[in-house]
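Just so it is clear, none of the values below were taken in a lab; they were calculated from the coordinates. These numbers come from a predicted model, not from an experiment. Note: ideal-geometry Cβ built from the backbone for every residue, glycine included; neighbour counts use all protein chains shown.
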Amino acid sequence: MVNWRYFSLEQVNSQQGPDWRIWEQPNDYPGRGLRAFWASEAARRQGEAAFRRFHLALLKARHEERRDIADVNVLTEIADGVGLQMAEFRRDVADRDLLVKLAEDYTLARETLGVFGVPTLVFPDQQAIFVRMSPPPPPAESLSVFFELHTLANRRRYLHEVKRPQRPAT
């Protein structure tokens, strides 16, 4: 089972100075990912199955449909579409206590694991690898790709970076 954790690219790439924290910004802050993190935790309050449905729909909306997941209306539409209890979702998506999870996950990723980007896979033995795939593997291959990456990270701990060069456009 995948344990999804949060890592804010807006935080890691911030030019606001070392004391700036995305999770401390006011409710009307127009961040690129903050609302999506917040909405995901609101969905999680309705159980792991609700979270998984919401998270999958959120990823699809962002990466396949190219929707603006910083838009609260898009997030609300996704939540409604996956069958969340909307009164609870609206209440929870305004609860700033949910942002503590973002702060905890981000701090763990940076200070313990050295994470710098997404997606980073962290395996139970704390081996972490950053993976960039384009395009993503076909669904039928996804699980085998995951296991191959785990094997690579676990058995070849001396590998620090593997990157496929991009040929110049002609």
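Sort His150, His55, His160, His63 so the one with the fewest other Cβ atoms within 10 Å of its own Cβ comes first. Result, fewest neighbours first: His160, His63, His150, His55.
With N as its number of residues, the range 27-113 has a Cα radius of gyration that, divided by 2.2 N^0.38 Å, comes to 1.06. The reciprocal of the average 1/r between distinct C-alpha atoms defines the Kirkwood hydrodynamic radius, which for the range 107-170 equals 13.4 Å. What's the long-distance tail for the range 82-123, i.e. % of Cα pairs beyond 14 Å? The answer is 61 percent, as a whole percent. Normalised by 2.2 N^0.38 Å, where N is the number of residues, the C-alpha radius of gyration of the range 1-45 stands at 1.26. Checking every one of the GluC sites (Glu not before Pro) in the range 1-109 against DSSP loop status and a limit of 15 other Cβ atoms within 10 Å picks out Glu64, Glu65. Helix-only arithmetic for the chain: the sum of -39500 (n - 2.57) across DSSP H runs with n ≥ 4, divided by the residue total, places the mean residue ellipticity at 222 nm at -13000 deg cm²/dmol.
Sparsely packed loop sites in the range 87-170 (the chymotrypsin sites (Phe, Trp or Tyr not before Pro) outside DSSP H, G, I, E and B with at most 10 other Cβ atoms within 10 Å) comprise Tyr158. Residue-normalised convex hull volume from the C-alpha trace of the chain: 164 Å³ per residue.
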